[in-house]
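The values are calculated or read from the model by the stated rules, or taken from the named source; none is laboratory data. For clarity, every value in this text was computed on a predicted model and none was experimentally measured. Cβ coordinates were reconstructed from backbone atoms using ideal geometry, including for glycine residues, and neighbour counts include every protein chain displayed. Surface accessibility is based on the protein's heavy atoms, side chains included, excluding ligands, DNA and RNA. Shrake-Rupley method; radii C 1.70, N 1.55, O 1.52, S 1.80 Å.
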Amino acid sequence: MQKKTGAQIVVDTLRAEGVKYVFGVPGGQTLSINDYIYECKDIDFIATRHEGGAACAADAWGRLTGNPGVCLSTTGPGATNLITGIGGALRDSSPVIVLTCNNRRKDVGRGDAQEADHIALFQSLVKWSGYANDVRTLPELLRQAFRIALSGRPGPVHLDLARDVLEDESMEFEALPPHVYRVADRRPGDEELVRRAFEQLKASKRPVFWIGNGVKISKAGKAIMELAEKMHIPMVTTFNAIGAVPNGHELVFGPRSRSGSRLTTSILEDSDCVLVLGSSLSGPTTSRWALKLKKLIQIDIEQINIGRQYPVEIGIVGDIGKVVEQLLNLYSKSSPSAQTEAWVNELKQRREAWKKEVFRPEYASDSPVRPIYLMQELSNLLSDNSILAVDAGNPGVWSHLLDLKPNQAYLKPVNFGNMGFSLPAGIACKLAEPDREVVVLIGDGSLGMSLGELETAVRTKSNIIIVLMNDNAYGNIKQEQLHFFGPRYNGVDFVDVNYAAIMDNFGGKGERIDRSEDFGPAFLRAKTSSVPYLLDIRIEGKDNVWKQPF
Ligand SMILES: Cc1ncc(C[n+]2csc(CCOP(=O)(O)OP(=O)(O)O)c2C)c(N)n1
Ligand SMILES: [Mg+2]
């Protein structure tokens, strides 16, 4: 066995895990890692312009691929800059390996440059935080990090690495293949409970499947569609599960959240049996638990999520995909039930009435552009396998009106709501899937928080399409202020900025769009661009999401 430095042990473990990119901002403490990555052909370091971008890129990688994204920072300010993005990964169950590099062990805690207690800083926003204070513990700590990030409900883990541990050359090391230290956790549900759940579903007249992020994580979308079609049961998703099942399908009625539609809220509240699949039923999902739900069956990989927010009739611990397979098996052995016909027909009528109210044809000729029209147009223009990275604020709220197709993907920081997610996320998605169209849907406030990453997009040759909803404001908060404190407001308006010109100056291509009819042709131009393309769209900020026009 060869002697390796601590930094080589870190990077070789990442390589054995199939990690292709480390996102981060270098600093003196990280350089032994950077230097070894320079030598390795199969792994690259992607410098972002702020560690927040690195954290969101790693989060997006985890969400899209299911494999951990990796981000790296130097000590103190480098580490604190990562934290916000890591909160997004924790709250939306994305596997991420966070590596912070610290000062030399002899100097930790005595007032060295950029000093901070990284473990204390990260602890509340990661699944686990470890400190490598000796090179001999490093291999096991790294394996533990991957094991924890990927077990049960995935999430971020943090490792703090002392600089002299990384530079220590005394260890013999060879990376182990991952399957010997971590196993896939794909357990089925208890058979008796699954049988009871099936009977209850069959006996219900108004059942609904409420599809959560766990469905995406266990890749169970297709199986659930099959079960829903066979049992003729309507589906609603959470925001995180947008894209898990195609919105255009006749049994899929769209997402439900604090800002979800009246339609989906009414479906869940009128249901006599809600099967919750892989959702923690968080505050944003349930309007801070004001949503009224009857007769819940909850399936989750994490026992502690079941019955936590709402009382359940039946709780099943297990992998969603496995439990749905069990339900499909039971279905194939039983006589079909047709009790839901009236319920589904009624919901289809509700949907038609709701669509007529929400999607107004007159929006097509408005300027500034109406958000609802933009969502409609965007749904028509996306490629069949587009990846959509969506930001917090109103772009995220309006995005529930998109009609996503089966092979499209949707990523949004739902539960942490960290602004500045979508641009670095889009870059990571393009690196992960270079042949797929990647569209970033972002507000001017969020773009301001991540503006430097326009350069990262250009440098990494990420020809993403950035759809900027520019209302010259922190619009979502302005609307909240107007709605609850109005007519007064403060701290929410910006001057008019030409972001298209900024994109041009970064080396991409930008266009300003004032009129609705100009959006479609501009988007088609963006599709054929070999550089990042930013559509700076003047948005009507008066369509107030807090008045729930949908
Ligand atoms: C990091 C962070 N800071 C503050 C907030 C509070 N916040 C939520 S939405 C929003 C405004 C978003 O503005 P913009 O990106 O322009 O989107 P808009 O709502 O205007 O369409 C703010 C400030 C937040 N979610 N995240
Ligand atoms: Mg705005």
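Key figures
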{"item": "Inter-probe distance in nm under a simple model that places probes 7 Å from Cα toward Cβ, at His179 and Arg350", "result": "4.7"}
{"item": "Set Lys230/Lys294; Lys41/Lys106; Lys216/Lys348 screened for pairs whose C-alpha atoms are more than 30 Å apart", "result": "Lys41/Lys106"}
{"item": "Carbon plus sulfur fraction of accessible area for the chain, probe 1.4 Å, in percent", "result": "49"}
{"item": "Computed magnitude of the charge dipole of region 34-144 (debye, nearest 20; Cβ of K, R +1, Cβ of D, E -1)", "result": "200"}
{"item": "Dipole magnitude of region 251-327, debye to nearest 20 (Cβ charges: Lys/Arg +1, Asp/Glu -1, about Cα centre)", "result": "380"}
{"item": "Under 14 Å from the Cα of Lys412 - aspartates and glutamates, other chains or at least 8 residues apart", "result": "Asp59, Asp92, Asp391"}
{"item": "With all protein chains modelled, accessible area of Asp384 [1.4 Å, Å²]", "result": "100"}
{"item": "FRET efficiency, 1/(1 + (r/R0)^6) with R0 25 Å, evaluated for Ser124 and Ile304 via beta carbons", "result": "0.90"}
{"item": "Dipole axis of the chain (+1 Lys, Arg; -1 Asp, Glu on Cβ), positive-most option in Ser399, Leu291, Phe146", "result": "Leu291"}
{"item": "Overall Cα dimensions of region 466-550, principal axis frame, Å, largest first", "result": "46, 27, 16"}
{"item": "Amide proton proximity set for Tyr21, modelled H, under 5 Å, gap of 5+", "result": "Asp44"}
{"item": "Cα gyration tensor category, rounded, prolate or oblate, for region 22-157 with a/c compared to 1.5", "result": "rounded"}
{"item": "Kirkwood-Stokes translational diffusion coefficient of region 352-499, alpha-carbon pairs, 25 °C, 0.890 mPa s, µm²/s", "result": "151"}
{"item": "Cα-based shape type of region 208-320, given that a ≥ b ≥ c are square roots of the gyration tensor eigenvalues and the cut on a/c is 1.5", "result": "rounded"}
{"item": "Test item: Cα-centred dipole of the chain, Lys/Arg +1 and Asp/Glu -1 on Cβ, debye", "result": "1320"}
{"item": "Stokes-Einstein translational diffusion, the chain - Kirkwood Rh over all Cα pairs, 0.890 mPa s, 25 °C, in µm²/s", "result": "101"}
{"item": "Anisotropy class of region 26-75 from Cα gyration tensor, a/c 1.5 cut", "result": "oblate"}
{"item": "Residue (of Val98, Ser446, Ile306) at the positive-pole extreme of the chain, dipole from beta-carbon charges", "result": "Ile306"}
